[in-house]
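Take a look at the structure set out below.
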Amino acid sequence: MVSFLLNSQMNHIQEEKADLTLLEYLRENKKLTGTKEGCASGDCGACTVVVAEISKATDHSLQYKAINSCVTFLSALHGKQLITVEHLSDGDSLHPVQQSMVDEHGSQCGFCTPGFIMSMFALYHQPSEIDREAVINGLSGNLCRCTGYRPIIDAALNVCGNKIEDKFSQAEAQTIRTLKSIDKTSVDTDNLIIPTSREALSQAIQSYPTAKMFAGSTDLALQVTQQLHTFDKLISLSLVPELTTIDTQEQGLLIGAALPFNEIEPEFLKHFPDLSELLWRFAATPIRNQATLGGNVANASPIGDMPPVLLALNAVIHIDNGHVQRTVAANEFFLGYRQTVLQPGEWVSAIFIPYLESNQSIRAYKISKRYEDDISAVCAVFNIALEDKQIVGLSAGFGGVAAIPAIVEELNTSLLGKDWSSSLTFELGKDILSKAFTPLDDVRATKEYRVTMLANLWKRFWLESNHQANTIATRVVHVPHSTGVTSHA
């Protein structure tokens, strides 16, 4: 059975729909209607709730994470505590984050307010110091149409800068004891399997070959909420140890396929700091707390943000079936639209990303209608190795311009030995890219726009890497994506 704390009450779920979303469970089953339904796709934050789980690092503290309940299946709560807006107040006293929102006049119509409150509550319980940038990042998944963000940001800054012990901190030791008492062995019901080993996962797939596998569910759940599909049987990957660890190896990082992006990010950015903007723009905090690198790879979307990165970094995909493990280069993994080399019974277990050499530099560019939390129209990632301005290595990955995340082999080979500072080298690369793809027209961009953008991004890469002092900075500062206003610095 799936066992978790709902606020402070233990819940055991033996039989429920496999694809029951947390939002539906709260509103329909528990009548906790403070959690709102807005977009049902993880974009607006009206459905934000907080989960607390025992820290992997210390084993005697809790980690609080904001998540979107509309794209989270109930099974994701196993062994955790779920906190909703109804539980924050202490008797007649508002929680400090609620009181701060009142004091700063941070609510008008109020529809979005519970989601903002829960994101603020997660920030309130972060061990690190919360500054304005952290507030902007923490609230980036919440959309408000009428209040305006200034008072909401002020409310978060004020309360996080003046923390006092709340009832959750006071109860933390008891909460940890309760969570530790939950049986973490495999869950196997008529609708849901949560294996705890690669062997058990293999057996589950053999027994139910048509069952969908999922980790964060931020993509799969959209088929339920947006396309009204139903899944009678699901297999969760969240408790398989080999899929939920990150190994810092001598030659690179080995990242478990079911590890959420926000757990990957600190170690990843130690080695690839120039990719921070792409990770920041990948999705808002509640999505990054759930979405996984393995999911971004295995669903083989041509507009996923990370596959072009993996192509440019010459990553290696680790594949398992519970008995035999094999590896495939990232540039050989994608076969066609939503098609990969995975055979029946196989899954992506990890992704190996080699470190950059001292003479290498990488840049990632994403073009989308919204600056943050949006699907790419074009994504281009360039990785170049230079010796005395001469190109000794070049690899690039592209998204949004073909049926699969793609490379351009001619670009990678034709420029070797060329002077990178020469305008002739730039023109050669531009000519190759202008002929490399025949993209489709869709709601995000026309094919002409995409081809033109590839040339423009190539020029930007050439200018930035040849003129470091004139690097074009595009990070939005102090403005959440939802305002529709960008401030470039």
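The values are calculated or read from the model by the stated rules, or taken from the named source; none is laboratory data. Quantities reported herein were computed from a predicted structural model and do not represent experimental measurements. So basically every Cβ, Gly included, is an ideal-geometry build from the backbone, and we count neighbours across all protein chains shown.
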Residues that are part of a strand (DSSP E or B), among the hydroxyl-bearing types (Ser, Thr, Tyr) and in the same structural domain as residue 402 (by TED's automatic domain parsing): does region 364-379 have at least one?
yes
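When you check residue 386 against the structure, is it free of Cβ contacts under 8 Å to residues at least 24 places away in the same chain, over 30 Å from residue 241 (Cα atoms) and either of a type in the set (Phe, Trp, Tyr) or in a strand (DSSP E or B) (or both), yes or no? Show your work before the answer.
Values: free of Cβ contacts under 8 Å to residues at least 24 places away in the same chain: no; over 30 Å from residue 241 (Cα atoms): yes; either of a type in the set (Phe, Trp, Tyr) or in a strand (DSSP E or B) (or both): yes.
Judged against the criteria, residue 386 is not a match.
Residues are listed down the side, and each one gets a yes or a no for (1) polar (S, T, N, Q); (2) touching a strand residue (DSSP E or B) at 6+ places or on another chain (Cβ under 8 Å):
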| residue | (1), (2) |
| --- | --- |
| 7 | yes, yes |
| 30 | no, yes |
| 36 | no, no |
| 48 | yes, yes |
| 51 | no, yes |
| 69 | yes, yes |
| 72 | yes, yes |
Only unsatisfied item for residue 40, checking (1) crowded, with 16+ Cβ neighbours inside 10 Å; (2) of a type in the set (A, V, I, L, M, F, W, C); (3) at pLDDT 95 or above, is (3)
Is at least one residue of region 295-303 among the polar types (S, T, N, Q), farther than 19 Å from residue 262 by Cα and at pLDDT below 95?
yes
Is it the case that residue 190 is outside any helix (DSSP H, G or I), touching a residue at least 24 places away in the same chain (Cβ under 8 Å), in the same structural domain as residue 74 (by TED's automatic domain parsing) and of a type in the set (D, E, K, R)?
yes
Out of 179, 123, sole residue that is in contact with a Phe, Trp or Tyr (Cβ under 9 Å, 6 or more places away or on another chain), closer than 30 Å to residue 19 by Cα and crowded, with 21+ Cβ neighbours inside 10 Å:
123
Select from region 426-472 the residues that are in contact with an Asp or Glu (Cβ under 6 Å, 6 or more places away or on another chain) and at pLDDT 90 or above and write down the one among them that is nearest to residue 304 (Cα to Cα).
447
Hey, residue 142 hits all of (1) under 30 Å from residue 372 (Cα atoms); (2) surrounded by fewer than 18 Cβ atoms within 10 Å (Cβ to Cβ) but one; which does it fall short on?
(2)
Which of (1) over 24 Å from residue 214 (Cα atoms); (2) touching a Cys at 6+ places or on another chain (Cβ under 7 Å) is the odd one out, the single condition residue 93 does not satisfy?
(2)
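If you go through region 222-231 one residue at a time, do you hit one that is surrounded by fewer than 18 Cβ atoms within 10 Å (Cβ to Cβ), assigned by TED's automatic domain parsing to the domain that holds residue 51, of a type in the set (A, V, I, L, M, F, W, C) and not in a loop (DSSP other than H, G, I, E, B)? Steps first, please.
First, the residues of region 222-231 that are surrounded by fewer than 18 Cβ atoms within 10 Å (Cβ to Cβ): 222-223, 226-230.
Next cut, assigned by TED's automatic domain parsing to the domain that holds residue 51 only: 222-223, 226-230.
From the residues that got through so far, the ones that are of a type in the set (A, V, I, L, M, F, W, C) too are 222, 228.
Retained after the next criterion (residues that are not in a loop (DSSP other than H, G, I, E, B)): 222.
Among the residues of region 222-231, at least one is surrounded by fewer than 18 Cβ atoms within 10 Å (Cβ to Cβ), assigned by TED's automatic domain parsing to the domain that holds residue 51, of a type in the set (A, V, I, L, M, F, W, C) and not in a loop (DSSP other than H, G, I, E, B), which makes the answer yes.
Could you list all residues from region 389-432 that are among the aromatic types (Phe, Trp, Tyr) and in a loop (DSSP other than H, G, I, E, B)?
First pass over region 389-432, keeping only residues among the aromatic types (Phe, Trp, Tyr): 398, 420, 426.
Residue satisfying the conditions is 420 alone.
Look at residue 217 and say whether it is outside any helix (DSSP H, G or I), under 27 Å from residue 119 (Cβ atoms), under 18 Å from the mean Cα position of the chain (by Cα) and hydroxyl-bearing (Ser, Thr, Tyr). Even if it seems obvious, please write down each step before you answer.
Details: outside any helix (DSSP H, G or I): yes; under 27 Å from residue 119 (Cβ atoms): yes; under 18 Å from the mean Cα position of the chain (by Cα): yes; hydroxyl-bearing (Ser, Thr, Tyr): yes.
So residue 217 fits the description; yes.
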Which numbered condition in (1) at pLDDT 95 or above; (2) over 24 Å from residue 287 (Cα atoms) is the only one that residue 185 fails?
(1)
I'm trying to understand the selection: among the residues of region 3-36, which are farther than 19 Å from residue 68 by Cβ, hydroxyl-bearing (Ser, Thr, Tyr) and either at pLDDT 95 or above or surrounded by 19 or more Cβ atoms within 10 Å (Cβ to Cβ) (or both)?
3
Condition check for residue 202: farther than 25 Å from residue 237 by Cβ, among the hydroxyl-bearing types (Ser, Thr, Tyr), in a helix (DSSP H, G or I) and at pLDDT 95 or above
no
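Please go through region 232-243 and pick out each residue that is in a loop (DSSP other than H, G, I, E, B) and polar (S, T, N, Q). Break it down stepwise before answering.
Of all residues in region 232-243, those in a loop (DSSP other than H, G, I, E, B) come to 232-233, 237-240.
238, the sole residue that qualifies.
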Verdict on residue 97 being in contact (Cβ under 8 Å) with a residue 40 or more places away in the chain and under 24 Å from the mean Cα position of the chain (by Cα):
no
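Can you go through 482, 376 and tell me which one is modelled with pLDDT under 95, in contact with a Lys or Arg (Cβ under 7 Å, 6 or more places away or on another chain), of a type in the set (Gly, Ala, Ser) and at negative phi?
On the way: 482 fails: in contact with a Lys or Arg (Cβ under 7 Å, 6 or more places away or on another chain).
Being modelled with pLDDT under 95, in contact with a Lys or Arg (Cβ under 7 Å, 6 or more places away or on another chain), of a type in the set (Gly, Ala, Ser) and at negative phi holds for just one of 482, 376, which is 376.
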Which residues, taken from region 131-176, are in contact with a Phe, Trp or Tyr (Cβ under 8 Å, 6 or more places away or on another chain) and farther than 27 Å from residue 9 by Cβ?
137, 139, 144, 152, 160
Looking at (1) over 30 Å from residue 239 (Cβ atoms); (2) touching a residue at least 60 places away in the same chain (Cβ under 8 Å); (3) of a type outside the set (Gly, Ala, Ser), can you tell me which one residue 394 breaks?
(2)
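What are the residues in region 170-188 that are more than 22 Å from residue 346 (Cα to Cα) and among the β-branched types (Val, Ile, Thr), if any? Talk me through it step by step, then tell me what you get.
Quick first cut of region 170-188, residues more than 22 Å from residue 346 (Cα to Cα) only: 170-185.
Matches in region 170-188: 175, 176, 178, 182, 185.
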Pairs please, first residue from region 6-23 and basic (Lys, Arg), second anywhere and modelled with pLDDT under 95, Cβ atoms under 8 Å, 6+ apart in sequence or on different chains.
17/191; 17/230
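Can you name the residue in region 342-373 that is of a type in the set (Lys, Arg) and surrounded by fewer than 19 Cβ atoms within 10 Å (Cβ to Cβ) and is also modelled with the lowest pLDDT among such residues?
370
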For residue 452, the lone unmet condition from (1) over 18 Å from residue 274 (Cβ atoms); (2) in contact (Cβ under 8 Å) with a residue 40 or more places away in the chain is (2)
